[in-house]
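Undergrad: Structure below; questions to follow.
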Protein chains: 2
Amino acid sequence: MHWLKWTAMLVALALLAGCQHVASRQGPQVQRFGSVIGLREDKIAYYKELHANTWPGVLEMIKKCNIRNYSIYLHQLDDDKYYLFSYFEYTGNDFEADMARMAADPITQKWWQETDPCQFPVKHRAEGEWWANMEEVFYCR
Amino acid sequence: MHWLKWTAMLVALALLAGCQHVASRQGPQVQRFGSVIGLREDKIAYYKELHANTWPGVLEMIKKCNIRNYSIYLHQLDDDKYYLFSYFEYTGNDFEADMARMAADPITQKWWQETDPCQFPVKHRAEGEWWANMEEVFYCR
């Protein structure tokens, strides 16, 4: 019955590896970001069209820079202007460095040449911000 | 070498079970929701205080109703009003039924008696909405 002990141990190890895999994917490193920016009314159709077929190089760079689960929402608010709200999760160790890497990517730069003129930054934002970072007031896992 | 074949098969099965576990946690059932509502300026402090110590019964009901990864963000927009933006993921099979279940929960009802007077619904919203559902224009996994 020696082989049975070994089998049991190997199965246990494999399951443990599976659990660690789950843990590493949902690890404590995740930082959430909510941001807002304006969208020009005359650019709504073009902005949607661009994002319905986002360039593969742009998506690749997002992944490489440790951004995941990234959504952008659109709504018209009480001043009748349109706003975009983004939510994403950052799983890397150096957000500033990853964002600098993204900003240095030629394809991403070309993409922003298309998207920037569609947007207008909001009045209340920190110095140097394009998308304004919002304050998280609640989180439930 | 018969036991080796069995061991290999058992290890493969265990790993497969691990992968299916991952798949079921991140399964194709996830629906994302982005919503917006106004927050009265004189209620900001109280709203933050409430959410810094959300009642356990409220959090429990959120989980029971298949809502996960739920964030709320706050920002002042160009009309100088404050707005709340929420992002959450729904993992159940019947969103309407789960929301009805949440609305019928006495603790959640008491919680909403505290939070509703802090909020004001936005002008552009569908009939019957409190939080207005926003349009998703981009998603990157």
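Undergrad: Check segment A:134-141 and report whether any residue there is modelled with pLDDT of 95 or more, hydroxyl-bearing (S, T, Y) and open to solvent by less than 70 Å² (accessible area, probe 1.4 Å).
TA: So far as segment A:134-141 goes, no, none of its residues is modelled with pLDDT of 95 or more, hydroxyl-bearing (S, T, Y) and open to solvent by less than 70 Å² (accessible area, probe 1.4 Å).
Undergrad: If B:D105 satisfies every condition in (1) surrounded by 15 or more Cβ atoms within 10 Å (Cβ to Cβ); (2) touching a Ser or Thr at 6+ places or on another chain (Cβ under 8 Å); (3) more than 10 Å from chain A (Cβ to nearest Cβ) but one, which is the exception?
TA: Here B:D105 clears every test but (2).
Undergrad: Residues in segment B:66-88: is at least one more than 26 Å from A:F88 (Cα to Cα), open to solvent by less than 70 Å² (accessible area, probe 1.4 Å) and either away from chain A (no Cβ under 12 Å) or not in a strand (DSSP E or B) (or both)?
TA: Checked against the condition, which is being more than 26 Å from A:F88 (Cα to Cα), open to solvent by less than 70 Å² (accessible area, probe 1.4 Å) and either away from chain A (no Cβ under 12 Å) or not in a strand (DSSP E or B) (or both), segment B:66-88 yields no hits at all.
Undergrad: Please enumerate the residues belonging to segment A:52-65 that are more than 10 Å from every other protein chain (Cβ to nearest Cβ) and open to solvent by less than 60 Å² (accessible area, probe 1.4 Å).
TA: A:G57, A:M61, A:C65
Undergrad: If you check A:G92 against the conditions, is it assigned to a helix (DSSP H, G or I) and farther than 28 Å from B:A45 by Cα?
TA: Criteria not met by A:G92.
Undergrad: Spot the failing condition for B:G18; the list is (1) at pLDDT 55 or above; (2) touching a Gly at 6+ places or on another chain (Cβ under 8 Å), and only one is missed.
TA: Condition (1) is where B:G18 drops out.
Undergrad: Then there is this: Can you say whether B:E114 is at negative phi, touching a Phe, Trp or Tyr at 6+ places or on another chain (Cβ under 6 Å) and open to solvent by 60 Å² or more (accessible area, probe 1.4 Å), as far as the supplied structure shows?
TA: no
The values are calculated or read from the model by the stated rules, or taken from the named source; none is laboratory data. Values in this document were obtained by computation on a predicted structure and should not be read as measured data. In this analysis, Cβ positions are derived from the backbone assuming ideal geometry, glycine residues included, and neighbour counts consider all displayed protein chains. Calculation scope for accessible area: heavy atoms of the full protein, side chains included, ligands and nucleic acids excluded. Shrake-Rupley method; radii C 1.70, N 1.55, O 1.52, S 1.80 Å.
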